[in-house]
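My questions will all concern the structure given below.
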Amino acid sequence: MKKYLTVLMVGLIVAMFASIFTAVIYYTGDKVEQLGTTQQETGQTDASKTQNESSAKEASANKEETVTWTKSDTVIEFPILMYHHIADVVDGNTLYVPKAEFQMEMAALKEAGYYTLSPEEAYRVLTQNEKPAEKIVWVTLDDGYVDNYNSAVPVLTELGMKATINVITGIQDGVEWLANPQLLELKKNALISIESHTVDHVDLSQQTYDGQLAQLTDSRQTINQLLNQDTSVICYPSGRYNDETASVAAQAGYKLGLTTDPGLASSENGLFALNRVRIAYGHSKESFLNQIGNY
Ligand SMILES: [Zn+2]
């Protein structure tokens, strides 16, 4: 009996030391990771200050400084909002939200504590299963309309919120669709990302593999060259894609693909078949927040 008790005591002491040791290692590792992040972000802030960029850029950099990413035990799901025109009325097109409504909706998101994601941050959420805030959202605007530049961007800049504009590289007139000078101007705003919506807004599901590859590769190269960036998101025109589209997109160099399939986005969708939440016109603040919450 005495022997048995001694063994038990020794076992308990060993287990105690082992758990203290593990906790110390874990804590130290965590600290080191946080330190690394802080240093990197401080570097970014200094760089943007010396560049003397717009206040939006500094505001965004400062905001990122305080961000702490937290891993989740369950698969993270979040809304990717889909907008098109930001305008009071658009003839022959129901895909619009008036500027006042867009302003109300963005303010509602901010008030509710939502953190707006950049494409890079969305990729991190989807691949690392960690997030920079409890509530996250990715705001996307399709087709690259000039009204996005005139109406959506000022609202987003004022509120310090990020959004992604998906442009059709073969359709540019500077009047209805954003042209290069406007895209170059938008590139200076750290809150706004420009990604691809193909060259001609074709139905990808009806294209051959090579046809899809040309649309995805050409549009990506055009944007990369113009804006000196590594374009990572392909937004499928009218949300249409087929079984080959994901591999085409990966071959063309994209990391994420956006659909119009309704629902919350998560890694379970597949990185090239992400769900989105279509925001129509006519919402009140309550119905807007409900729509996001109901998914
Ligand atoms: Zn479109």
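The values are calculated or read from the model by the stated rules, or taken from the named source; none is laboratory data. In this text, all values refer to a predicted model and were calculated from it rather than measured experimentally. For neighbour counting, all protein chains shown are included, and Cβ atoms are generated from backbone atoms with ideal geometry for every residue, glycine included.
Out of the residues in the stretch 234-273 that are within 16 Å of SER118 (Cα to Cα) and not in a strand (DSSP E or B), state the one that is nearest to the ligand (Cβ to nearest atom).
TYR254
Follow-up question, since we're still on this one. How many residues does the stretch 173-183 contain that are crowded, with 19+ Cβ neighbours inside 10 Å and within 14 Å of the ligand (Cβ to nearest atom)?
1
Something else: Exactly one of (1) part of a helix (DSSP H, G or I); (2) surrounded by 16 or more Cβ atoms within 10 Å (Cβ to Cβ) is unmet by ASN189. Its number?
(1)
Let me ask something else about it. Inspect all residues belonging to the stretch 139-160 and state whether any of them is surrounded by fewer than 23 Cβ atoms within 10 Å (Cβ to Cβ), more than 16 Å from the ligand (Cβ to nearest atom) and outside any helix (DSSP H, G or I).
Yes; the residues of the stretch 139-160 include at least one that is surrounded by fewer than 23 Cβ atoms within 10 Å (Cβ to Cβ), more than 16 Å from the ligand (Cβ to nearest atom) and outside any helix (DSSP H, G or I).
Sticking with this one: Check GLN207 against each of (1) of a type outside the set (A, V, I, L, M); (2) surrounded by fewer than 16 Cβ atoms within 10 Å (Cβ to Cβ); (3) within 16 Å of the ligand (Cβ to nearest atom) and name the one condition it does not meet.
The single condition GLN207 does not satisfy is (2).
Further, regarding this structure: When you check TYR123 against the structure, is it in the same structural domain as GLY239 (by TED's automatic domain parsing), within 18 Å of the chain's Cα centre (by Cα) and within 20 Å of SER287 (Cα to Cα), yes or no?
Against the criterion (in the same structural domain as GLY239 (by TED's automatic domain parsing), within 18 Å of the chain's Cα centre (by Cα) and within 20 Å of SER287 (Cα to Cα)), TYR123 does not qualify.
Identify the residue in the stretch 214-233 that is within 16 Å of the ligand (Cβ to nearest atom) and among the aliphatic types (A, V, I, L, M) and, among all such residues, is nearest to ALA273 (Cα to Cα).
My answer is VAL233.
Which of (1) within 21 Å of TYR145 (Cα to Cα); (2) touching a Lys or Arg at 6+ places or on another chain (Cβ under 9 Å); (3) touching a residue at least 40 places away in the same chain (Cβ under 8 Å) is the odd one out, the single condition LEU271 does not satisfy?
Answer for LEU271: the failing condition is (1).
Find the residue count for the stretch 88-119, including only residues that are part of a loop (DSSP other than H, G, I, E, B) and surrounded by fewer than 20 Cβ atoms within 10 Å (Cβ to Cβ).
Going through the stretch 88-119 one residue at a time, the tally reaches 12.
So ARG124 fits all but one of (1) in a helix (DSSP H, G or I); (2) surrounded by 19 or more Cβ atoms within 10 Å (Cβ to Cβ); what number is the exception?
Among (1) in a helix (DSSP H, G or I); (2) surrounded by 19 or more Cβ atoms within 10 Å (Cβ to Cβ), ARG124 violates only (2).
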